[in-house]
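Below is one structure, written out as structure tokens, with a few remarks after it.
The values are calculated or read from the model by the stated rules, or taken from the named source; none is laboratory data. Just so we're clear, the structure is a prediction, and the values are computed from it rather than from any experiment. FYI the Cβ positions are ideal-geometry reconstructions off the backbone, even for glycines, and counts take in every protein chain you see.
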Amino acid sequence: MWGVLLYLHVLSAILMGIYLVLPFLVGRVDKLQSGASKVGFLSVLFTTNRVGQFALILAFLTGGYMVGKGSYTVVWMILAVVLFLALAALTGIMGKRMRLAVGEPSGNSVAAQLGSIKTLALINGIVFFLIITLMKFPTLFG
């Protein structure tokens, strides 16, 4: 059972790796010429964000079970939960901004939402990096 949960946990972390690349991909939206191509590219990024959100839920559930079976400090557990909840909230906000941006097929609303999408993508990348660091080095935090 432990091996299956660890496999699912690592697989979900790999799927969430999109948050490390997303700031660079969102930065490319400005380079596209037409509004329809911007909407199409943002639609793909919206779908990858949704996959990352489902992977985040899977990682939270499998990690919660594994923490219950391991011996981690309270500080580490609090940091892990706070960072996971922060990433969940920020990816949800970013997803809403993406949904608003792709709402018009002409691409007129992309420019209005792109600044906040870029900022949120960068913050999500930083938070995910902190999560990976926390998971890799649990003894540093407690």
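Results, tabulated for the structure shown:
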{"read-out": "Residue count for the stretch 104-131, restricted to those that are within 19 Å of Q53 (Cβ to Cβ), free of Cβ contacts under 8 Å to residues at least 60 places away in the same chain and either outside any helix (DSSP H, G or I) or not aliphatic (A, V, I, L, M) (or both)", "value": "3"}
{"read-out": "Residue that is among the hydroxyl-bearing types (S, T, Y) and loosely packed, with under 13 Cβ neighbours inside 10 Å, where the choices are T139, T119", "value": "T139"}
{"read-out": "Some residue of the stretch 50-65 being part of a helix (DSSP H, G or I) and more than 21 Å from I131 (Cβ to Cβ)", "value": "no"}
{"read-out": "Complete set of residues in the stretch 93-126 that are more than 13 Å from D30 (Cα to Cα) and charged (D, E, K, R)", "value": "K96, R97, R99, E104"}
{"read-out": "Contacts under 7 angstrom Cβ, first residue in the stretch 63-84 being more than 24 Å from Y19 (Cα to Cα) and of a type outside the set (F, W, Y), partner at pLDDT below 90 and surrounded by 15 or more Cβ atoms within 10 Å (Cβ to Cβ), 6 or more apart", "value": "V75/F141"}
{"read-out": "First in the stretch 1-24 and in contact (Cβ under 8 Å) with a residue 12 or more places away in the chain and under 18 Å from T47 (Cα atoms), second anywhere and surrounded by 18 or more Cβ atoms within 10 Å (Cβ to Cβ) and aromatic (F, W, Y), Cβ under 7 Å, 6 or more apart", "value": "M16/F128; Y19/F128; L20/F128"}
{"read-out": "Evaluation of Y72 against (1) outside any helix (DSSP H, G or I); (2) over 26 Å from M1 (Cα atoms) (one fails), failing number", "value": "(2)"}
{"read-out": "Those residues of the stretch 61-111 which are closer than 30 Å to F41 by Cβ, among the hydroxyl-bearing types (S, T, Y) and exposed (fewer than 14 other Cβ atoms within 10 Å of the Cβ), in sequence order", "value": "S106"}
